[in-house]
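Here is the structure we will look at.
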Amino acid sequence: MKSMNKMRPARMMTFAGRCAKEILRDPLNLLFGVGFPVVLLLLLSAIQANIPVPLFEIAHLAPGIAVFGLSFLTLFAATLVARDRESAFLQRLYTTPLQAADFILGYLLPVLPIALAQSAVCYLVAVALGLPVTVHILTAVLALLPAAMFYVAFGLLCGSVFNVKQVGGICGALLTNLSAWLSGVWFDLELVGGAFRKIAYALPFVHAVELERAVLAGNIAEALPHVAPVIGYAAAVTFCAVLLFLRQMKKQ
Amino acid sequence: MYAINTVNLTKTYKDITAVDHLNLQIRPGELFALLGVNGAGKTTTIKMLSGLTRPDGGDAYIHGKHIVHEVAAVKSMTGVSPQETAVAPNLTVRENLALMCGIYGFSKEKQAAKIHQLAAQFDLQPILSKKAGKLSGGWQRRVSLAMALIGEPSVLFLDEPTLGLDVLARSELWDIIRALKGTVTIILTTHYMEEAEALSDRIGIMKDGRLLVVGTAPELMARTNAERFEQAFISIVKGANT
């Protein structure tokens, strides 16, 4: 029994390693996960160089792009889970000694270091574009973890419910658009105001961006009000994702 | 002791009885084919026996272990090759095999030995470094079958193993399945008559969740006065309508 328990983390890590390889070896994932945020950063910095806009100043823009880039991780995680369900790969693994927790952690955990690597690349490019090198870059990368958890768990949730085609629409189009419009990365939400602003602040996207901006600026007091909404949403979505994954597992 | 013993095993989905009071005994080392048209209950039977689906009634035992109350023990004794090709597409064949070894908790030495053994057994050496998703359907089935054997199961479930394969790939897979006969108990579902006839020791024919008959191919042909096994199958299935 003791040796079985010792084996469990190793089994989970074996499965997590496989999930990481599946994501990292898909060229489209690399293109969208790293290439797209970097291109956006370069493009908007070029615009900023010609027509200065405070919103697109590198210290303001880089944290927003780092958070926006996480929305692609939802698509990666959701596609992986949905494809595993459709191809009966999960069905095969359900007949092995892997247990529910191994699957859930195996899908969630490998995407978190990918998220950190993605944001590190984003900040490296930002440094090349003039972002001052400070220790706050490091804390900003780490401060992305709760938002990364939210996006990755949302991927597990969608992958547990939808098929590959639906996942492409919901995570690839809907979530990335919501993440763009309601995050204050591309335009100042104060300029729109009203119900739009209220809705945006009721959701986690703008909180994740403002938290990231404040941490990068080294302003902890400004960051604090945004911690609870981001962690709260991450916890709630993770909880729902676990329930829905278990439900589809039972359905198998 | 039987390798598989089911007693009134039943599964219903809403108002459909997918498996209806199945009573089946399969001996260790036997290759048993479950034959039937679509919706006969073959896949549901395999899902229940491999611990994937919980039955609604009756009991079933794999080497004396109850499929619900001792599911961990059942899982450790069974291997499944699902109907769809269940491989990790972006992993190489070697990595797919290593993944299953890791899941079963093999040491590095045992993993290397197991991959070497299966590569030789299934002629996988030329494709070990190729991504599984890039292989033809026949090779993917071969890899899928090898993956099912990694846990060293005493009972192997093959759900429609040659579905969609061309004649050559099917024939090659038959050779592999024949070579496994006697070393492991195999339950094979298929709706290819010639496959059941060529490979199995005994055949069970299912329809609408019920097991209509069990016997060897010659026994079933004699029972229906049929010259060919396909005729016997049609006669048995149609006879069940009346």
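The values are calculated or read from the model by the stated rules, or taken from the named source; none is laboratory data. Everything numeric in this text was worked out from a predicted model, so none of it was measured. Cβ atoms come from the backbone with ideal geometry, glycine included; neighbour counts cover every protein chain shown.
Of note:
- Condition check for residue A:68: within 28 Å of residue A:249 (Cβ to Cβ), of a type outside the set (Gly, Ala, Ser) and buried (at least 21 other Cβ atoms within 10 Å of the Cβ): no
- Evaluated against (1) without any contact (Cβ under 8 Å) to a residue 24 or more places away in the chain; (2) assigned to a helix (DSSP H, G or I); (3) farther than 27 Å from residue B:159 by Cα, residue A:133 falls short on exactly one condition, (2).
- Hey, residue B:107 in contact (Cβ under 8 Å) with a residue 24 or more places away in the chain and not charged (D, E, K, R) or not: no
- Count - residues of the stretch B:61-93 that are surrounded by fewer than 24 Cβ atoms within 10 Å (Cβ to Cβ) and more than 12 Å from every other protein chain (Cβ to nearest Cβ): 8
- For residue B:184, the stated conditions do not hold, so it cannot be described as surrounded by 23 or more Cβ atoms within 10 Å (Cβ to Cβ) and of a type in the set (Val, Ile, Thr).
- Filtered by the rule that a residue be more than 11 Å from chain A (Cβ to nearest Cβ) and buried (at least 24 other Cβ atoms within 10 Å of the Cβ), the stretch B:145-155 gives a lone residue, B:146.
- Where helices (runs of 4 or more DSSP H) fall entirely within the stretch B:123-223, those with at least 3 residues that are among the small types (Gly, Ala, Ser) and under 30 Å from residue A:22 (Cα atoms) are at B:137-149.
- Test: residue A:98 is touching a residue at least 24 places away in the same chain (Cβ under 8 Å), of a type in the set (A, V, I, L, M) and within 14 Å of chain B (Cβ to nearest Cβ): yes
- Count of the stretch A:27-39 residues which are within 14 Å of chain B (Cβ to nearest Cβ), surrounded by 16 or more Cβ atoms within 10 Å (Cβ to Cβ) and out of contact with any Leu (no Cβ under 9 Å at 6 or more places or on another chain): 0
- Filtering the stretch A:122-142 to residues that are crowded, with 18+ Cβ neighbours inside 10 Å, hydrophobic (A, V, I, L, M, F, W, C) and under 21 Å from the mean Cα position of the chain (by Cα) leaves A:122, A:125, A:126, A:137, A:140, A:141.
- Sole exception among (1) among the β-branched types (Val, Ile, Thr); (2) closer than 26 Å to residue B:11 by Cβ; (3) in contact (Cβ under 8 Å) with a residue 40 or more places away in the chain for residue B:213, by number: (3)
- Checking each residue of the stretch B:94-105 against the condition of being assigned to a loop (DSSP other than H, G, I, E, B), out of contact with any His (no Cβ under 8 Å at 6 or more places or on another chain) and within 12 Å of chain A (Cβ to nearest Cβ) gives at least one match.
- Check on residue B:127, away from chain A (no Cβ under 11 Å), without any contact (Cβ under 8 Å) to a residue 24 or more places away in the chain and surrounded by 20 or more Cβ atoms within 10 Å (Cβ to Cβ): no
- Criterion applied to A:178, A:203, A:145, A:211 was being surrounded by 14 or more Cβ atoms within 10 Å (Cβ to Cβ), modelled with pLDDT under 95 and closer than 18 Å to residue A:65 by Cα, and the one residue passing it is A:178.
Each row is one residue, and each column tells you yes or no for (1) surrounded by 14 or more Cβ atoms within 10 Å (Cβ to Cβ); (2) more than 10 Å from every other protein chain (Cβ to nearest Cβ).
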position: A:18; (1), (2): yes, no
position: A:41; (1), (2): yes, yes
position: A:51; (1), (2): no, yes
position: A:58; (1), (2): yes, yes
position: A:72; (1), (2): yes, yes
position: A:79; (1), (2): yes, yes
position: A:85; (1), (2): yes, yes
position: A:88; (1), (2): yes, no
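- Filtered residue count, the stretch A:233-252, keeping only those that are free of Cβ contacts under 8 Å to residues at least 12 places away in the same chain and either surrounded by 12 or more Cβ atoms within 10 Å (Cβ to Cβ) or away from every other protein chain (no Cβ under 14 Å) (or both): 4
- No other residue among B:41, B:36 is in contact with a helix residue (DSSP H, G or I) (Cβ under 6 Å, 6 or more places away or on another chain) and crowded, with 23+ Cβ neighbours inside 10 Å apart from B:36.
- Within the stretch A:1-19, the set of residues being among the small types (Gly, Ala, Ser) and modelled with pLDDT under 95 comprises A:3, A:10.
- Set B:7, B:37: member being under 23 Å from residue B:233 (Cα atoms) and in contact (Cβ under 8 Å) with a residue 24 or more places away in the chain: B:37
- Scanning the stretch A:63-94 for residues that are among the polar types (S, T, N, Q) and under 23 Å from the mean Cα position of the chain (by Cα) turns up A:71, A:74, A:79.
- The number of residues in the stretch B:52-96 that are farther than 20 Å from residue B:155 by Cβ and more than 15 Å from the chain's Cα centre (by Cα) comes to 12.
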